[in-house]
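Student: Sharing a structure here in structure tokens format.
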Amino acid sequence: MASSGGMMLAMMGLVAALVCPAVASEFISMPTDDVVLPDGLSYDFHAQSCPNLQDMVRAAVVTARNKDIGVVAGLLRVFFNDCFPNGCDASLLLEESPHYLSERMILPHNAGLHEGALNLIESIRNTVHITCKNVSCADISMLATREAIMLSGAPSYDVPLGWMDSFGPATFDEVDEFLFIPKYSKIFDLVTVFGFRGFDRTDLAALSGAHTIGKTRCGRVDDRTVTPGDDVEFVNFIKKVCKINPDHRQDLDVTTPNTFDNNYYRNLLAGKAVLGSDTELLLDRVTKDLVEKFAKDQGLFFSQFGKSMSKVAHISVGANYGEYRRNCFRPNFIRNLTDEGFVARD
């Protein structure tokens, strides 16, 4: 799977790209029911072979979340950054090796990945593989992310299962194509990039709602400009905090930072967006209308967020070809070399 173009979302800042007039038209989001499952996948793929899979994932996520609430946003970012370049194949999880450049080392695209989230996925795999060998790290990542969101207040949504783990990481060019994160993304750039993966303005607005949970580094805030509609006092305050303490990590949702709800949209309309790229949603007639609707109706936001997340989980750029890794952080051929006495890492 790690072998072609890609993209990213916005949980941690949205991206800019090329101009594509065909993407600039207005869309209605594609219902989940209309999404065609890639060959070999199903929503209940493990129901017979590993009936306790979801229970094992849930127990691990509950424990991890209780210890560190940041693991929720961490799992979301790992999920997005893994899926958008080449589909959900767990290529992002691969550690650096003499055999390839790890996606984790591609900066600033994947800077600051949550180590706890990465380790949680591998820990779950280790537990699951005691009884169920044929469950991929990709599926575990997908299920853990959904579980973390549900535990934070959102309803469930469908995800296709049966993905295989990649044999290697995506290349630098593949990651760079869509995971480059400029601070000053404009609305047309955001719409364009999303369109390259078959996502529309509705998906853009809904997936941006992932900013209702998690934090951002001061590097994304310290030169935040004041835009029309901003609460000037608020913007100046968060910039001042970052100037005093550059290591500070700013909550993206300043109202209910640990709860998955629609306060992100309410804050945005109140001029209290932390990221400048978020304010761009108010500069497009369609996305602004969606922001207003999601701010008024949390159920509508939850419904569309679930549909859009399911679409992310459906991203496929080729045949579902790979393996079930025996360690999420390295492909099996390196594991085999290690078992035979070869050095797996420098």
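The values are calculated or read from the model by the stated rules, or taken from the named source; none is laboratory data. Predicted model, so just to flag it, every value in this text is computed and none were measured. Glycine also receives a Cβ, built like all others from the backbone with ideal geometry; neighbour counts cover every protein chain displayed.
Student: Would you please name the residue that is nearest to S310 (Cα to Cα), looking only at residues in segment 225-258 that are surrounded by fewer than 16 Cβ atoms within 10 Å (Cβ to Cβ) and of a type in the set (A, V, I, L, M, F, W, C)?
Tutor: The extreme case among them is V226.
Student: Filter segment 201-231 for residues that are farther than 18 Å from V291 by Cα, in contact (Cβ under 8 Å) with a residue 40 or more places away in the chain and part of a helix (DSSP H, G or I) and give the result.
Tutor: R220
Student: Considering only segment 101-121, how many residues are farther than 20 Å from D68 by Cα and at pLDDT 90 or above?
Tutor: Final tally of qualifying residues: 1.
Student: Consider segment 61-80. How many of its residues are over 13 Å from the mean Cα position of the chain (by Cα) and assigned to a helix (DSSP H, G or I)?
Tutor: Adding up the residues that qualify gives 8.
Student: Something else now. Looking only at segment 232-253, count how many residues are in a loop (DSSP other than H, G, I, E, B) and closer than 22 Å to L190 by Cβ.
Tutor: Looking only at that region, the number is 2.
Student: What are the residues in segment 263-290 that are out of contact with any strand residue (DSSP E or B) (no Cβ under 7 Å at 6 or more places or on another chain), crowded, with 23+ Cβ neighbours inside 10 Å and more than 16 Å from D189 (Cα to Cα), if any?
Tutor: Within segment 263-290, Y264, Y265, N267, L268, A273, L290 meet the criteria.
Student: Another question, then. Please note which helices (runs of 4 or more DSSP H) are completely contained in segment 114-194 and include at least 1 residues that are farther than 30 Å from F333 by Cβ.
Tutor: Counting at least 1 such residues, we get 137-151.
Student: From E174, E115, grab the single residue that is surrounded by fewer than 23 Cβ atoms within 10 Å (Cβ to Cβ) and either in the same structural domain as G214 (by TED's automatic domain parsing) or under 22 Å from M309 (Cα atoms) (or both).
Tutor: None of the other options fit; the residue is E174.
Student: Follow-up. Scan segment 217-224 and tell me whether some residue there is surrounded by fewer than 19 Cβ atoms within 10 Å (Cβ to Cβ) and of a type in the set (K, R).
Tutor: Yes - at least one qualifying residue is present in segment 217-224.
Student: Hey, does segment 300-310 have a residue that's touching a Leu at 6+ places or on another chain (Cβ under 6 Å), modelled with pLDDT of 95 or more, assigned to a loop (DSSP other than H, G, I, E, B) and crowded, with 22+ Cβ neighbours inside 10 Å?
Tutor: For segment 300-310, residues touching a Leu at 6+ places or on another chain (Cβ under 6 Å), modelled with pLDDT of 95 or more, assigned to a loop (DSSP other than H, G, I, E, B) and crowded, with 22+ Cβ neighbours inside 10 Å: absent.
Student: Might you let me know whether segment 40-61 holds any residue that is within 18 Å of T216 (Cα to Cα) and out of contact with any Cys (no Cβ under 7 Å at 6 or more places or on another chain)?
Tutor: There is no residue in segment 40-61 that is within 18 Å of T216 (Cα to Cα) and out of contact with any Cys (no Cβ under 7 Å at 6 or more places or on another chain).
Student: Looking at segment 81-110 only, could you name the residues that are without any contact (Cβ under 8 Å) to a residue 24 or more places away in the chain and either within 16 Å of the chain's Cα centre (by Cα) or at positive phi (or both)?
Tutor: Listed by number, the list holds a single entry, R104.
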